[in-house]
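Structure record follows, encoded as structure tokens.
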């Protein structure tokens, strides 16, 4: 989870100065166009390279697929439900902690 939080913060830290330079040199619309293009390209790459389960992935060997499935299980719907419950619980605890720190 920390990697996801770090990646989003790092992305914001890198994007802000780049957009500042683009706005100064090319105008305010360039920041919207370039971030939109990068987001669109990222989405295309995601749909081409990412699969829902190891069984669907065409570029891994049978041994690698068996190893991954043995480690995480083959029931992706069940594991996705478990991951979502964990994610919601983590986000709720983060938010409730932030709100309760201001409560007196």
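Assess whether residue 13 counts as being at pLDDT below 95, part of a helix (DSSP H, G or I) and out of contact with any helix residue (DSSP H, G or I) (no Cβ under 6 Å at 6 or more places or on another chain).
Against the criterion (at pLDDT below 95, part of a helix (DSSP H, G or I) and out of contact with any helix residue (DSSP H, G or I) (no Cβ under 6 Å at 6 or more places or on another chain)), residue 13 qualifies.
Looking at (1) modelled with pLDDT under 90; (2) over 27 Å from residue 91 (Cβ atoms), can you tell me which one residue 5 breaks?
Failing condition for residue 5: (2).
I need the full set of residues from segment 29-76 which are exposed (fewer than 11 other Cβ atoms within 10 Å of the Cβ) and part of a loop (DSSP other than H, G, I, E, B), in order please.
Listed by number, the residues that qualify are 50, 52, 58, 59, 61.
Where the second residue is modelled with pLDDT under 75 and outside any helix (DSSP H, G or I) and the first is under 25 Å from residue 72 (Cα atoms) and lies in segment 82-98, which pairs have Cβ atoms under 8 Å and are six or more apart or on separate chains?
Taking only residues 6 or more apart or on different chains, the pairs are 87/1; 90/1.
The values are calculated or read from the model by the stated rules, or taken from the named source; none is laboratory data. The structure displayed is predicted, hence computed values, not measured ones. Quick reminder, even Gly has a Cβ in these numbers, built from the backbone with ideal geometry, and neighbours come from all protein chains shown.
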